[in-house]
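Okay, so here's the structure we're looking at.
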């Protein structure tokens with residue numbers, strides 16, 4: 001595996017281009033700022049919004065997977081829980097006030113559940129760790145599915161609407177897209193700061209050598225708990241945004257067969273070797289899903305097989321492969 | 001008051017007793033070397049003293065305080081640090097970053113979510129100071145995987161220094177090194193470490209052991225065989241017997 | 001009321017035995033190969049589907065003999081082409097690859113057989129019901145319970161009493177030991193995989209008349225396996241049996257008290273057990289590290 005460089009390159013001499021232009025975020029933000037104006041794609045606002053939501057999800061998940069080295073299969077559940085939390089808060093608590101509070105609730109509840117799992121697995125490793133995260137997802141799935149007074153069971157939550165916010169009409173897909181874009185920009189900046197921070201480097205140290213880290217004063221269990229808390233917050237946030245995108249919440253979001261999705265999307269682009277890997281991977285993952293599912297009923301077959309092949313061939317993802325060249 | 005007071009310390013792995021009811025007091029001054037044939041329990045003893053293993057019986061008292069069972073990240077707060085027999089480094093980082101990981105912990109920056117690691121000047125300066133001390137500054141931007149084995153051993157020592165210890169446990173600092181590299185580390189130990197910290201060294205290189213130690217402890221099969229000044233140890237019959245069939249004959253040196 | 005309880009208890013035991021039989025293969029592969037195999041559940045499904053295809057063609061007992069062999073072959077192919085590529089890697093990859101592949105396999109099943117459920121009737125020799133005073137119970141379930149018990153007992157005997165089993169035990173979480181003892185790790189892993197798949201396939205045949213045959217049954221049967229294996233202890237056959245029985249019985253009997261949240265009971269029990277004993281009931285200490 002290659003060296004995990006910080007997201008912003010610090011070169012000793014003055015770069016020829018202004019530093020801003022060398023920052024991948026500049027280009028990513030620019031492209032997605034202009035997304036609705038794109039000739040063909042621009043019409044698919046829902047797809048664009050979903051991409052932004054998943055960027056938040058996978059970038060933060062990568063703190064757990066790529067930085068801390070924790071292959072958690074529980075994060076799909078935190079996303080799902082965020083969806084439900086947002087929907088429920090909207091429907092039962094804050095009907096009139098719009099959606100900032102439900103979205104915040106989604107994030108907080110996501111962090112809460114992640115904190116619980118993070119606490120449980122804080123010192124566990126290997127097979128045992130992986131199995132516990134899968135089981136945790138299963139429990140949450142069953143609770144959401146069965147507790148149908150609250151969660152609506154199989155039919156899910158309905159009646160969630162986007163109202164107006166700051167005087168803007170959020171039912172307009174384009175306006176909602178830009179709302180999510182703003183959230184994405186803020187989240188993306190925060191997540192990158194965390195990744196480049198002392199804390200982020202501590203995570204990497206613990207991943208690379210947990211024993212030595214302990215001998216240098218790192219309480220490894222505490223760090224694992226904290227990274228779960230943080231990534232769970234953003235997973236819940238993403239789920240909450242998704243709730244308002246689709247104006248619904250379904251237990252299928254928590255289906256454990258989907259718990260691999262976020263892992264694949266994060267790995268695919270090269271999350272284990274680059275901070276920006278998840279962005280690349282998410283684009284590939286979501287768009288290929290959209291494309292394949294639209295022309296073949298049995299797209300799941302192709303989907304499953306292609307990821308098997310890709311993951312086996314490129315375990316470090318697309319960016320990992322490019323870096324080796 | 002002795003620095004370490006080890007009482008009835010026992011560690012078992014299944015039916016194998018690695019450390020067998022060891023009673024030991026280690027004074028505050030003087031370089032103590034621990035020698036013994038392979039499997040004598042030397043590294044296990046270090047692991048017990050530094051909280052990596054939980055003993056099956058017994059206690060470890062450090063400066064009057066019971067530290068038995070405390071995990072490594074608590075132990076180092078008492079000023080105890082250790083190096084590793086097989087170098088234990090952060091494989092995907094540069095030499096400088098390795099040391100920075102240690103320093104940022106010591107300076108209390110490791111939790112900070114928004115403090116940029118690369119831009120932290122205080123940590124960087126302290127790290128450079130340590131690298132300067134061990135004479136590894138030139139290699140600081142190299143990846144750990146790209147430097148020589150000798151430099152990796154030195155980096156391992158440097159990491160142990162980042163916690164600013166008062167007691168340093170060195171686990172086979174000479175293993176796998178050339179004569180020249182051994183000299184470099186011996187000088188580090190004598191000119192720097194010994195003057196600033198209490199040293200407890202596990203080592204197989206008898207030349208080094210006998211030339212720098214104030215006191216030698218001989219372990220065999222998990223027990224203390226004998227203990228004393230280098231001159232006494234080299235004459236000791238039991239020690240020679242323990243070493244037959246593996247190590248250098250002690251009569252040959254000093 | 002007591003009749004109902006007896007009925008539910010028997011249901012629970014039978015269900016538990018089927019779960020345990022499926023979980024054994026899952027657990028053995030984890031122990032010997034270090035892979036969490038999501039495709040394992042699909043072997044159960046294949047057993048049921050192959051049985052549905054063959055039973056009217058060659059009859060019940062010949063199907064019982066042939067189908068596990070077919071499923072074993074499928075297992076062999078999967079192990080050779082897919083699973084062995086992740087040996088030694090982080091468990092993440094095994095989970096991910098097998099998850100994706102299982103999704104593909106279930107889609108193939110859906111393509112060939114359609115999403116609708118099929119029903120199979122119990123074989124004629126156990127079609128009836130057992131009547132004992134007020135108590136009525138389908139013979140087929142008793143037959144399933146008995147057959148599963150024999151299956152589990154046979155596997156346990158093989159593992160515990162034969163030379164092959166000794167190698168399996170030695171290789172449990174200690175792959176180096178196998179080579180050190182002079183045996184071929186690769187063949188061991190493949191054989192364990194085939195064995196586990198075949199047993200899962202056989203369980204699929206047995207379960208078919210009770211649960212019906214529908215797409216998605218593969219991943220559905222795997223959910224309890226996770227719980228069972230953690231409960232009983234990774235790599236332990238007695239543990240898997242006990243775990244299976246606990247899950248089966250608790251699920252069945254819970255329908256009396258809280259019918260709606262029945263699925264969650266096993267997880268609560270798992271939580272309690274793991275708090276008291278992280279390694280599981282019969283697990284080895286080192287597994288949790």
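Where a number appears in this text, it was derived from the coordinates with a stated rule and is not lab data. Predicted model only: the values in this text are computed from it and were never measured. When we count neighbours, we look across all protein chains shown, and the Cβ atoms used for this are built from the backbone with ideal geometry, even at glycine.
Of note:
- Relative contact order for segment A:44-255, counting Cα pairs under 8 Å that sit 6 or more residues apart, in percent: 47
- For segment C:54-128, alpha-carbon Rg over 2.2 N^0.38 Å: 1.48
- Debye-sum result for segment C:154-218 in log10 I(q)/I(0), which assumes one identical scatterer on each alpha carbon, at q = 0.19, 0.20, 0.22, 0.23 Å⁻¹: -0.76, -0.80, -0.88, -0.93
- Per-residue mean of foreign Cβ neighbours for C:30-36 is 2 (Cβ atoms of other chains, 10 Å radius).
- Pair-distance distribution P(r) for the protein assembly as shown, from all Cα-Cα distances in 10 Å bins starting at 0: 2, 11, 19, 21, 19, 14, 9, 4, 1, 0 percent.
- Computed over segment C:1-100, Cα set: Rg, Dmax in Å: 17.0, 54
- Looking at the protein assembly as shown, the DSSP beta bridges with both ends there are about 65 percent antiparallel.
- Over all orientations, segment C:2-288 has a Cα convex hull whose mean projected area works out to 15.5 square nanometres.
- Between 0 and 90 degrees, the angle of helix C:40-58 with respect to the longest Cα principal axis of chain C falls at about 50 degrees.
- Take every Cα pair under 8 Å whose residues are at least 6 apart in sequence, average their separation, divide by the length of chain C, and the relative contact order is 37 percent.
- Descending semi-axes in Å of segment B:88-171, equivalent ellipsoid built from Cα gyration tensor: 20, 15, 11
- Shielding by partners - mean other protein chain Cβ count within 10 Å, residues of A:259-270: 2
- Chain B: equivalent-ellipsoid semi-axes (sqrt of 5 x gyration tensor eigenvalues, Cα, Å): 32, 22, 16
- Listed by Cβ neighbour count within 10 Å, with the fewest neighbours leading, C:84, B:121, B:82 appear as B:121, C:84, B:82.
- Protection proxy ranking, peptides B:109-120, C:39-50, average beta carbon neighbours within 10 Å, highest first: C:39-50, B:109-120
- Segment residue C:112-residue C:130, extension gain: residue separation times 0.36 nm, minus the distance between their alpha carbons: 2.8 nm
- The coefficient of translational diffusion for segment B:1-128, derived via Stokes-Einstein from the alpha carbon Kirkwood radius under 20 °C and 1.002 mPa s, stands at 127 µm²/s.
- Residues C:141, B:223 arranged by fewest to most Cβ contacts within 10 Å: B:223, C:141
- Rounded tilt (10° steps) of C:265-276 against the dominant C-alpha axis of chain C: 40
- DSSP-defined antiparallel bridges as percent of all bridges, chain B, nearest 5: 55
- With the convex hull drawn over the C-alpha atoms of segment A:44-255, the volume per residue is 110 Å³.
- Summarised in one figure, the compactness ratio Rg/Rh of segment B:23-66, Cα atoms and Kirkwood Rh, is 0.96.
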